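First the structure, in the form of structure tokens, and then the observations on it.
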Amino acid sequence: GARREPIDPVRFVSNRSSGKMGVALAREAFRRGADVTLIFGVGAKVRVPTPIKCVVVNTALEMREAVNEHVHTSESHKPDVVIMAAAVADYRPSSVRDQKIKKSGKVPQIGLTKNPDILQELGVERGEERRPVLVGFSVETGEIDELLQDARSKLNDKKVDLIVGNFASDAFDLDTNRVWLVDRSGRQEEVALSYKSRVANRVLDAILRL
């Protein structure tokens, strides 16, 4: 789901992600027998089987801390796969007011600072190892060629194994999605518009091929 980056105690910067794709992935992985931990944003509506461990976060920094806690664990509990389906905010306000910003004649200026790229950090830290398998999502608003080029760039830049590309218009707030799967071996596959549970299974199939 979306991150919430606070401006003051009553306002925040966010995006339109509902978290439905991440929840679908968690459910379908569990149904296949996986031991699943779901880290999600506070705004996401999450209904999953009770054995799935759920961790709620607000900000990108909180998500980074939660992901690192579950990835950098003992070897016996180290995950086999990390799927980053959340819409992590690229930027956050550079300072957070401790009191509500009052309405006045002067429009307040909000400075932004860059958030860490959690998936890229995992890719760099993993190095030449192949565990865990790293999967990222890329949402775009342009043309298909641009989406595929962006997915290929992210594969290399983030040093991951699979990028799932999709358009905001096909995904946000919907129960369906249309995606393109681009993996490290050069394979490219389109998954036609379908319920997110079916798309999740196609993503999991692509992971197993790796």
Once the piece of chain linking Val124 and His72 is laid out straight, how much longer is it, given 0.36 nm per residue of separation minus the C-alpha distance between them? 17.4 nm
Determine ³J(HN,Hα), in whole Hz, for all residues of the stretch 49-59 in sequence, where each value follows from phi through the Karplus function 6.51 cos²θ - 1.76 cosθ + 1.60 and θ = phi - 60°; x replaces Gly and Pro. x, 4, x, 6, 6, 10, 10, 9, 9, 9, 9
J(HN,Hα) series, the stretch 179-192, from Karplus relation 6.51 cos²θ - 1.76 cosθ + 1.60, nearest Hz, glycine and proline x: 9, 10, 9, 10, 10, 5, 7, x, 5, 9, 9, 9, 10, 5
Any trypsin sites (Lys or Arg not before Pro) in the stretch 142-210 that lie in a DSSP loop and have at most 13 other Cβ atoms within 10 Å would be Arg187
With every protein chain kept in place and a 1.4 Å probe, the chain has an accessible area per residue in Å² of 57
Let me check against my output: what whole-number percent is the relative contact order of the stretch 56-126, with C-alpha pairs under 8 Å and at least 6 apart? 35
Count charges around Asn58 for me, please; just the other residues with Cβ under 15 Å from its Cβ, Lys/Arg as +1, Asp/Glu as -1. +1
Out of residues 5 or more away from Tyr91 or on other chains, whose amide H comes under 5 Å of its own, with H placed 1.01 Å from N in the peptide plane? Asn115
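Could you work out the helix-only [θ] at 222 nm for the chain, with each DSSP H run of four or more residues adding -39,500 (n - 2.57) and the total divided by the number of residues, to the nearest 500 deg cm²/dmol?
Counting only the DSSP helices, I get -9500 deg cm²/dmol.
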Within the chain, longest stretch free of exposed GluC sites (Glu not before Pro) [DSSP loop, at most 12 other beta carbons within 10 Å]: 1-127
I'd like the Karplus ³J(HN,Hα) series for the stretch 96-113: coefficients 6.51, -1.76, 1.60, θ = phi - 60°, whole numbers in Hz, and an x wherever there's a Gly or Pro. 10, 6, 8, 10, 4, 6, 6, 5, 8, x, 9, 6, x, 9, 10, x, 10, 10
Helix 144-158: angle to the longest alpha-carbon principal axis of the chain, degrees 0 to 90, nearest 10? 90
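Pairs to check: Lys78/Lys158; Lys20/Lys100; Lys114/Lys196; Lys45/Lys100; Lys53/Lys158; Lys53/Lys159. Give those whose C-alpha atoms are more than 24 Å from each other in this structure.
Cα-Cα > 24 Å for Lys20/Lys100; Lys114/Lys196; Lys45/Lys100; Lys53/Lys158; Lys53/Lys159; rest within.
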May I ask for the angle, rounded to the nearest 10°, between helix 196-209 and the longest principal axis of the chain, with both axes built from Cα atoms and the value confined to 0 to 90°? 60
Relative contact order (%) - the chain, alpha-carbon pairs under 8 angstrom, separation at least six: 19
Using +1 at the C-beta of Lys and Arg and -1 at the C-beta of Asp and Glu, which of Ile118, Ser153, Ser95 has the Cα lying farthest in the positive direction of the dipole of the stretch 85-191? Ser95
Cα-based Kirkwood hydrodynamic radius, the stretch 100-205, one decimal, Å: 15.7
Pairwise centroid distance, computed over Cα atoms, of the stretch 68-140 with the stretch 169-210, Å: 22
Which whole number in µm²/s is D for the stretch 1-155 by Stokes-Einstein, with the Kirkwood Rh taken over Cα pairs at 20 °C and 1.002 mPa s? 124
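The values are calculated or read from the model by the stated rules, or taken from the named source; none is laboratory data. Quantities reported herein were computed from a predicted structural model and do not represent experimental measurements. All Cβ positions, even for glycine, are placed from backbone atoms using ideal geometry, and neighbour counts span all protein chains on display. Surface accessibility is based on the protein's heavy atoms, side chains included, excluding ligands, DNA and RNA. Shrake-Rupley method; radii C 1.70, N 1.55, O 1.52, S 1.80 Å.
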